[in-house]
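A quick write-up on the structure given underneath.
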Amino acid sequence: MSQHSDINDNVNSTDTTDEQTLNSTSEPIDIDNSTSQEIEPTSDKHIRIVNTFMKRRTHMNKNAELALTAPEFSEYLVNNSFGDGDLTGIDNLRTLFADSPNGPDAPLTVEIGFGLGDSFIEMAAADPTRNFVGVEVHEPGIGKCAYMAGTQNLSNVKIINGDAIQLLKQLPENHIDRIQLYFPDPWQKKRHYKRRFVSPERMTIVTRSLKQGGWFHTATDWEHYAFWMVEVLDGFAGLTNKAGTGNFTERPDFRPMTKFERRGLDRGHGVWDLIYIKD
C-alpha cells in the first residue's frame, strides 16, 4: 500500500513507512531464491502469497465518510468500501468504464495502494482521456479519494477495496496498460521480506495482467528496497528495464511529487523510480 506521511496526522499504524526507515545499502541484498524468477504464467492463479499490507486504524474525516455513504459518490466505488473488500465478480476493469465518456477501450492505469489518493486523483485529472482504477484497503483513503473524484467531477476514476494481487489474478491476461506502485511498505526486517510486493511470485501475476508494451512503474525512498527491486526485476523474464539493466529512471512528469516525497528530498533522502516494460 502506498505509505504517505501526509495521509493522516492521526494514524495509529503497525506499518512502517518508507520515510521512517531510510537505510543505507550497507546491508547485503538477500533475495530468497527458493522460488524461481521464471514462474509459468499459467499457474499464477493458484499461487498462494502472503499479504503485502496490514490494515491500519486511521481517523476518517467527515468528507471521506460522506463519500462512502452518500449516493452521489457511489459511481466511483466499485465494491463495498467498509471492511474487507469483496472482489467477487470483478473480472474485467475495462467494462467499469463502458458508460463513461472514454469508454472501455481507453488506456487503463491501475494504481496499487494509493493512500489517500492525492497524487492518484491529480494524475487522473491531468490525463482525462485515460481511465484510472485505484486499489486500496483503508476506508479513510478510499473515502477521501472518492470525495476528491466527485468534487472534481472526474469521469475516468474507479476505486476498488481489496487485495490487489487477488484482483489481478481474476483479470484477463494482457488487460492493463500501466500498473503503478508508489512508495510501498519496504518491510525492512529480513523475516518480512516475503511480504514485499516486488517479488518473483507477485511479478508473475502483475506481468500476466499487463498488455505487451505495458508498464510497471514503482518508486521508493528506501534505498535498500530500491536496489532489491532492481535485482528482482532485472532478473525477471518478460520485463525490460526502461533505463537499462541496473539503472533507475528519472521521475516522469506524469508522476506528481507528493508532499511526503518533497519533505524527504528536503531532508536529503533519495527517491528512486523504476519503469519496466512488458516484452
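Write down the percent of antiparallel bridges among all DSSP beta bridges whose residues are both part of segment 92-238, to the nearest 5. All intermediate terms of the calculation are to be shown ahead of the outcome.
Numbers: 0 of 19 bridges.
Restricted to segment 92-238, the bridges split so that about 0 percent are antiparallel.
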Practice task
Take the Cα atoms of segment 158-234, find their three principal axes, and give me the spread along each one in whole Å, biggest first.
Solution key: 34, 27, 21
Completion exercise
Once amide hydrogens are built 1.01 Å from N within the peptide plane, the residues lying 5 or more places from residue 111 or on another chain with amide H under 5 Å from its amide H are 133, 134, 135, 180
Completion exercise
Mean separation of Cα contacts under 8 Å (at least 6 apart) over the residue count of segment 143-279, i.e. the relative contact order in percent, is 27 percent
Problem - Vicinal HN-Hα couplings computed from phi for segment 126-131 (Karplus, 6.51 cos²θ - 1.76 cosθ + 1.60; Hz; Gly/Pro x) - result: 7, 9, x, 8, 10, 8
Handout entry: Per-bin percent of Cα-Cα distances, segment 124-279 [10 Å]
Key = 10, 36, 40, 14, 1
Problem - Order by protection proxy (mean Cβ within 10 Å, highest first), peptides 251-257, 211-217, 175-181, 139-145 - result: 139-145, 175-181, 211-217, 251-257
Exercise for the section: Step through the residues of segment 147-157 one at a time and calculate ³J(HN,Hα) from phi using the Karplus curve (6.51 cos²θ - 1.76 cosθ + 1.60, θ = phi - 60°), rounding each to whole Hz and writing x for Gly and Pro. Expected result: 4, 5, 4, x, 6, 9, 6, 6, 10, 10, 10
Problem - In segment 145-228, lysine pairs closer than 24 Å at Cα, eight or more apart or cross-chain - result: 4
Problem - Cβ-based net charge around residue 126, under 15 Å, with every Lys or Arg adding one and every Asp or Glu removing one - result: -1
Exercise for the section: Kindly give Rg over Rh for segment 68-176, based on alpha-carbon atoms, with the Kirkwood expression for the hydrodynamic radius. Expected result: 0.92
Practice task
Work out, in µm²/s and without decimals, the Stokes-Einstein translational diffusion coefficient of segment 210-250 at 37 °C, 0.692 mPa s, Rh from Kirkwood over C-alpha pairs.
Solution key: 300 µm²/s
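Read-outs: derived from the displayed coordinates by stated rules, not from any lab. Computed from a predicted model, the values in this text were never measured in an experiment. Here the Cβ is made from the backbone with ideal geometry for all residues, glycine too, and neighbour counts use every protein chain on show.
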